[in-house]
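Student: Provided herewith is a single structure, encoded as C-alpha cells, for subsequent inquiry.
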C-alpha cells in the first residue's frame with residue numbers, strides 16, 4: 001500500500017465514521033463507493049466485505065454512547081437485529097452470485113429509491129414511548145420481523161445497512177423517533 005492509498009483510506013474511513021456518528025447512517029453507502037472509486041479496491045465484492053467490517057466496528061462504537069444516553073429501544077432492536085441477521089445471510093449469498101458491475105448499478109438504484117422515500121415528510125416526530133410489550137406484540141412483532149428480514153436481505157445483498165436501511169426500517173415498523181432508531 002502506498003502512502004497515497006493509506007491517506008485515501010484513512011480519509012475515507014474518517015468520513016464514514018464521522019457520518020455514522022453524526023446521523024446514524026451512511027456508513028456503507030459511503031464506504032463502498034469510496035473504497036471502489038477513491039481508494040481503488042478493484043472488486044466490488046471485496047469493497048462490500050471490507051465496508052461491512054469497517055461499518056460494523058464504527059456502529060458498535062456509536063452504540064456505546066446511545067446506550068449510555070438511553071436512546072436504544074432494546075427489545076425492538078433485538079427482534080429487528082435477529083431478523084436482520086437471518087435476512088443478511090440470505091442476501092449475502094445471493095449478492096455473491098451477481099456480477100460486481102451489476103451489483104454497483106443496482107446499489108445506485110437502491111440509493112436513489114431510498115433517498116426519494118426519505119424526502120416524504122413525516123406526519124409526526126415519532127412515538128417516544130413505543131415499546132415492544134405483551135399488549136402490542138401482535139402488532140409490532142410481525143412488523144419488526146418482516147422489516148428486519150427485508151432490511152437484512154438488502155443489507156447482505158448490497159453490503160450496506162447502517163442508517164441507510166435500518167433507521168428508516170425501524171421508524172417505519174415502530175414509528176419511533178429518529179434518535180431512537182439511530183441508537
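The values are calculated or read from the model by the stated rules, or taken from the named source; none is laboratory data. Because the structure is a prediction, the values reported are computed rather than measured. Every residue, glycine among them, receives a Cβ derived from its backbone with ideal geometry; neighbour counts consider all protein chains shown.
Student: One residue is enough: does segment 129-136 have a residue meeting the conditions in contact with a helix residue (DSSP H, G or I) (Cβ under 9 Å, 6 or more places away or on another chain) and within 16 Å of residue 178 (Cα to Cα)? Show your work before the answer.
Tutor: So the first thing to find is which residues in segment 129-136 are in contact with a helix residue (DSSP H, G or I) (Cβ under 9 Å, 6 or more places away or on another chain), and the list is 130-133.
Retained after the next criterion (residues that are within 16 Å of residue 178 (Cα to Cα)): 130-131.
Checked segment 129-136: at least one residue is in contact with a helix residue (DSSP H, G or I) (Cβ under 9 Å, 6 or more places away or on another chain) and within 16 Å of residue 178 (Cα to Cα).
Student: Condition first: surrounded by 12 or more Cβ atoms within 10 Å (Cβ to Cβ) and assigned to a loop (DSSP other than H, G, I, E, B). Now tell me which residues in segment 92-109 satisfy that.
Tutor: If the condition is that a residue be surrounded by 12 or more Cβ atoms within 10 Å (Cβ to Cβ) and assigned to a loop (DSSP other than H, G, I, E, B), then 98 is the only one that fits.
Student: While we're on this one: I'd like the full set of residues that are more than 23 Å from residue 143 (Cα to Cα) and assigned to a helix (DSSP H, G or I), limited to segment 67-78.
Tutor: 67, 68
Student: Has segment 140-149 got any residue that is farther than 15 Å from residue 168 by Cα and surrounded by 12 or more Cβ atoms within 10 Å (Cβ to Cβ)?
Tutor: yes
Student: Based on this model, can you work out whether residue 89 counts as exposed (fewer than 14 other Cβ atoms within 10 Å of the Cβ), free of Cβ contacts under 8 Å to residues at least 12 places away in the same chain and assigned to a helix (DSSP H, G or I)?
Tutor: Working: exposed (fewer than 14 other Cβ atoms within 10 Å of the Cβ): yes; free of Cβ contacts under 8 Å to residues at least 12 places away in the same chain: no; assigned to a helix (DSSP H, G or I): yes.
Taking the combined requirement at face value, the residue does not satisfy it.
Student: Quickly run through segment 22-52 and pick out the residues that are modelled with pLDDT under 80, part of a helix (DSSP H, G or I) and under 13 Å from the mean Cα position of the chain (by Cα).
Tutor: 23, 27, 28, 29, 52
Student: A follow-up question, please. So which of 171, 112, 179 ends up being at pLDDT 85 or above, surrounded by 12 or more Cβ atoms within 10 Å (Cβ to Cβ) and either over 30 Å from residue 49 (Cβ atoms) or more than 14 Å from the chain's Cα centre (by Cα) (or both)?
Tutor: Working: 171 fails: either over 30 Å from residue 49 (Cβ atoms) or more than 14 Å from the chain's Cα centre (by Cα) (or both); 112 fails: surrounded by 12 or more Cβ atoms within 10 Å (Cβ to Cβ).
Being at pLDDT 85 or above, surrounded by 12 or more Cβ atoms within 10 Å (Cβ to Cβ) and either over 30 Å from residue 49 (Cβ atoms) or more than 14 Å from the chain's Cα centre (by Cα) (or both) holds for just one of 171, 112, 179, which is 179.
Student: Here's a follow-up. More than 18 Å from residue 154 (Cα to Cα) and assigned to a helix (DSSP H, G or I): is that true of residue 62 in this structure? Let's see the steps before the verdict.
Tutor: Working: more than 18 Å from residue 154 (Cα to Cα): yes; assigned to a helix (DSSP H, G or I): yes.
It is true that residue 62 is more than 18 Å from residue 154 (Cα to Cα) and assigned to a helix (DSSP H, G or I).
Student: May I pose another question? Whether any residue in segment 68-77 is modelled with pLDDT under 85 and out of contact with any strand residue (DSSP E or B) (no Cβ under 9 Å at 6 or more places or on another chain) is what I want to check. Can you show your working first?
Tutor: Initially, segment 68-77 is screened for residues modelled with pLDDT under 85, giving none.
Checked segment 68-77: no residue is modelled with pLDDT under 85 and out of contact with any strand residue (DSSP E or B) (no Cβ under 9 Å at 6 or more places or on another chain).
Student: Pairs, please: C-beta under 6 Å, at least 6 apart or cross-chain, first residue touching a residue at least 12 places away in the same chain (Cβ under 8 Å) and on the phi > 0 side of the Ramachandran plot and in segment 141-170, second part of a helix (DSSP H, G or I) and surrounded by fewer than 24 Cβ atoms within 10 Å (Cβ to Cβ)?
Tutor: So the pair list comes out as 159/52.
Student: Shifting gears a bit: Would segment 132-139 turn up any residue that is surrounded by fewer than 19 Cβ atoms within 10 Å (Cβ to Cβ) and more than 28 Å from residue 69 (Cα to Cα)?
Tutor: Step one: filter segment 132-139 for residues surrounded by fewer than 19 Cβ atoms within 10 Å (Cβ to Cβ), giving 133-139.
Applying the additional criterion that residues be more than 28 Å from residue 69 (Cα to Cα) yields 138.
Yes, because at least one residue in segment 132-139 is surrounded by fewer than 19 Cβ atoms within 10 Å (Cβ to Cβ) and more than 28 Å from residue 69 (Cα to Cα).
Student: So, in segment 128-161, how many residues would count as being outside any helix (DSSP H, G or I) and either touching a strand residue (DSSP E or B) at 6+ places or on another chain (Cβ under 9 Å) or modelled with pLDDT under 90 (or both)? So that I can check it myself, show each step before the final result.
Tutor: As a first pass, look at segment 128-161 and keep what is outside any helix (DSSP H, G or I): 128-136, 159-161.
Pick out the ones that are also either touching a strand residue (DSSP E or B) at 6+ places or on another chain (Cβ under 9 Å) or modelled with pLDDT under 90 (or both) and you get 159-161.
Adding up the residues that qualify gives 3.
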